[in-house]
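Visitor: Below is a structure I'd like to ask you about.
The values are calculated or read from the model by the stated rules, or taken from the named source; none is laboratory data. From a predicted model like this one, the values you see are computed outputs, not experimental measurements. Cβ placement follows ideal geometry from the backbone for every residue including glycine, while neighbour counts extend to all protein chains displayed.
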Amino acid sequence: MNINMIRILNVATLFVFSSLTASAIAVSPDSGDRLLSEDYSASDFPTQAAGKILKKTRVEGKYAITNADEVYKVFYTATDGVNSKVRINSGIIFLPAGNPPKNGWPVVSWQHGTTGIADRCAPSWTGPDQPSKVVISSWIAAGYAVVAADYQGLGMPGIHPYLEPKSLAYSVLDLLKASLAAELGLQNTIVLHGWSEGGAATIATALYAQKYAPALHITGASSSGAPYITPKTLRFLASDKTGSAEVVSYVTYLLNSASQLGADLPEDDVFSAKGKQFVRTYGNYCVDDLVREATINKSELNEIVNRKAFGNQLLLEKIAYPPFKTEIPLFLSIGGSDTDVPTNMQLALQQKMCADGANLSYKVYSAADHTATLLASVEDTIVFLSGTQEKNEDSTFTALSCKN
């Protein structure tokens with residue numbers, strides 16, 4: 001499908017998305033790491049090397065994408081980004097209708113935004129959220145198969161190490177390896193696209209790909225609304241200039257998962273008395289419910305988090321990107337009115353990537369918030385990433401670069 005048709009599809013879906021509201025009923029704050037169903041029992045699978053699909057089940061209903069012909073929930077082996085052992089992760093694969101091209105469907109790996117850190121927040125359990133459906137449908141319309149990892153610890157046993165780069169990258173790369181070997185009619189021609197936490201996952205995947213999965217032919221990557229955690233950006237988050245319910249939620253996930261991963265973060269050094277109660281009550285909620293509770297409780301970041309946590313060097317080391325040096329072309333879409341991942345944080349990421357010599361293009365969508373930036377940038381992303389595969393030689397892509 002051409003770009004004009006994709007534009008029409010996105011406008012129509014954006015109208016639908018903008019009319020949706022979150023459920024008024026919060027989910028129960030039970031244990032975040034728990035068995036969702038027998039399908040998600042790791043004990044049922046034999047131990048194998050990373051990058052192998054262990055189970056593939058065709059699914060419908062909440063997983064359906066209008067123009068996807070087949071959708072599969074998959075369980076696969078992956079390298080644990082924290083301890084380097086082989087573990088089992090979950091994900092979803094979406095295939096276009098019709099026969100694949102001679103060499104197979106080109107592949108886009110979609111990295112979803114923050115859903116939470118509890119097992120039940122995994123997209124393979126809940127189905128894709130509405131912004132993800134827009135993106136997935138757009139890529140299928142452009143003739144791509146879509147591979148979407150849950151990330152380590154979502155769905156399957158173990159804590160989800162929120163924003164930890166290796167666990168995000170290995171989850172993505174191992175699902176790509178497994179999918180190519182699964183006789184699904186896919187070709188080893190891959191682009192990466194992610195949003196929010198998935199924007200961070202996309203960048204991490206591009207940075208680790210050559211060393212961890214050199215056989216994968218990744219031609220380009222696009223990241224929307226990616227967080228960038230440094231002492232400076234943490235000080236900004238801790239200031240009175242920000243503190244949206246979304247920021248409160250993301251920082252709660254970050255500190256909650258980091259403290260459980262041995263980041264030497266005693267509870268009293270992380271959360272205030274109000275914060276400890278907030279985390280005990282709501283910390284395992286999925287993101288829409290956590291944001292709602294933060295709003296209802298009028299929870300501000302300075303009231304929840306102890307400032308000592310923002311200076312913890314081990315925490316910063318655990319979630320730091322490696323140097324931004326990769327030959328893979330990258331595109332950043334930045335929301336000029338984003339309060340979920342504040343614009344200043346995203347611009348700091350862009351500046352650091354340029355300083356490190358990344359092959360970077362970027363664009364600021366001046367009036368767009370976090371979700372609107374993703375949706376507004378889908379067309380640009382498809383043009384940019386298709387261009388890295390010489391699929392749209394006549395298309396023009398306008399953006400800034402590190403040379404501008």
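Visitor: Might you check whether a residue that is free of Cβ contacts under 8 Å to residues at least 60 places away in the same chain, surrounded by fewer than 18 Cβ atoms within 10 Å (Cβ to Cβ) and not in a helix (DSSP H, G or I) occurs anywhere in the range 342-353?
Guide: no
Visitor: Within the range 117-137, can you find the residues that are touching a helix residue (DSSP H, G or I) at 6+ places or on another chain (Cβ under 6 Å) and surrounded by fewer than 24 Cβ atoms within 10 Å (Cβ to Cβ)?
Guide: 127, 130, 131, 134
Visitor: Here's something else I'd like to know. Pairs needed: first member in the range 158-173, among the β-branched types (Val, Ile, Thr) and modelled with pLDDT under 95; second member anywhere, surrounded by fewer than 24 Cβ atoms within 10 Å (Cβ to Cβ) and in a loop (DSSP other than H, G, I, E, B); C-beta distance under 8 Å; at least 6 residues apart or different chains.
Guide: Within 8 Å, the pairs are 159/32; 159/33; 159/261.
Visitor: Within the range 171-219, can you find the residues that are touching a strand residue (DSSP E or B) at 6+ places or on another chain (Cβ under 8 Å), at positive phi and surrounded by fewer than 23 Cβ atoms within 10 Å (Cβ to Cβ)?
Guide: Within the range 171-219, 185 is the sole residue that qualifies.
Visitor: Right, next: Can you tell me which condition residue 302 does not meet? The list is (1) polar (S, T, N, Q); (2) more than 30 Å from residue 359 (Cα to Cα); (3) without any contact (Cβ under 8 Å) to a residue 60 or more places away in the chain, and all the others hold.
Guide: (3)
Visitor: If you don't mind, there's one more thing I want to ask. Looking at the range 362-389, which of the residues that are more than 23 Å from residue 219 (Cβ to Cβ), out of contact with any strand residue (DSSP E or B) (no Cβ under 6 Å at 6 or more places or on another chain) and among the hydrophobic types (A, V, I, L, M, F, W, C) is modelled with the lowest pLDDT?
Guide: Selected residue: 367.
Visitor: Moving on. Might you check whether a residue that is within 30 Å of residue 319 (Cα to Cα), in contact (Cβ under 8 Å) with a residue 40 or more places away in the chain and in a helix (DSSP H, G or I) occurs anywhere in the range 64-78?
Guide: So far as the range 64-78 goes, no, none of its residues is within 30 Å of residue 319 (Cα to Cα), in contact (Cβ under 8 Å) with a residue 40 or more places away in the chain and in a helix (DSSP H, G or I).
Visitor: A further question on this structure: Yes or no: residue 291 part of a helix (DSSP H, G or I), of a type outside the set (Asp, Glu) and within 20 Å of residue 159 (Cα to Cα)?
Guide: No.
Visitor: Among the residues that make up the range 85-92, is at least one of them farther than 20 Å from residue 285 by Cα, assigned to a loop (DSSP other than H, G, I, E, B) and not acidic (Asp, Glu)?
Guide: yes
Visitor: So residue 295 passes all but one of these: (1) β-branched (Val, Ile, Thr); (2) at pLDDT below 90; (3) in the same structural domain as residue 154 (by TED's automatic domain parsing). Which condition number does it fail?
Guide: (3)
Visitor: I'd like to check something: does the range 374-396 contain any residue that is touching a residue at least 60 places away in the same chain (Cβ under 8 Å), over 24 Å from residue 190 (Cβ atoms), of a type outside the set (A, V, I, L, M, F, W, C) and in a loop (DSSP other than H, G, I, E, B)?
Guide: no
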